[in-house]
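Worksheet for the structure shown next.
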């Protein structure tokens, strides 16, 4: 025969345990912060590189890709910055990478196209690696979803840029 106090204790535990585990799960962790802080300047560098295409190339495929890169990464910068603000964390200053784009800034035409495609491919590969690290270590569902979208979108653009380099 089961006693009423034991049943009450079991019911109390069933009610309390899910609440405890939910409270123990943080909405973000250091990996989420590191990803957002690193991705903001990294994306800004890509936006800056994309902005160089107008006036330096007449290749419609490069121009269209540069426009897509700038639009997508500008939107992601806004979201990443909002998350950092919500978490009470400042974004990093500067650019996200040590890419030497000095040749890109002075080239035009086919030379620009080749240099831009090479540099943007490497830049996207870095973003994919950053996103994979976030998926391995992060806990925030929204940040993880963005990391997955970055991997998918930027891998597709890497494939497109490699095709354009052939």
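For this structure, a couple of remarks:
- Only one of 67, 74, 126, 101 that is surrounded by 13 or more Cβ atoms within 10 Å (Cβ to Cβ) and at pLDDT below 95: 101
- Any hit, the range 2-22, residues being surrounded by fewer than 17 Cβ atoms within 10 Å (Cβ to Cβ), closer than 28 Å to residue 140 by Cα and modelled with pLDDT of 95 or more: no
- For the range 41-55, a residue qualifies if it is touching a residue at least 60 places away in the same chain (Cβ under 8 Å) and over 18 Å from residue 126 (Cα atoms), and the qualifying residues are 52, 53.
- Filter result for residue 58 (within 21 Å of residue 166 (Cβ to Cβ) and out of contact with any helix residue (DSSP H, G or I) (no Cβ under 7 Å at 6 or more places or on another chain)): yes
- Evaluation of residue 62 against the conditions (1) surrounded by fewer than 19 Cβ atoms within 10 Å (Cβ to Cβ); (2) more than 19 Å from the chain's Cα centre (by Cα) shows that the sole unmet condition is (1).
The values are calculated or read from the model by the stated rules, or taken from the named source; none is laboratory data. Every value quoted in this text rests on a predicted model; they were computed, and no experiment measured them. Cβ sites come from the backbone with ideal geometry, for glycine too, and all protein chains shown count toward neighbours.
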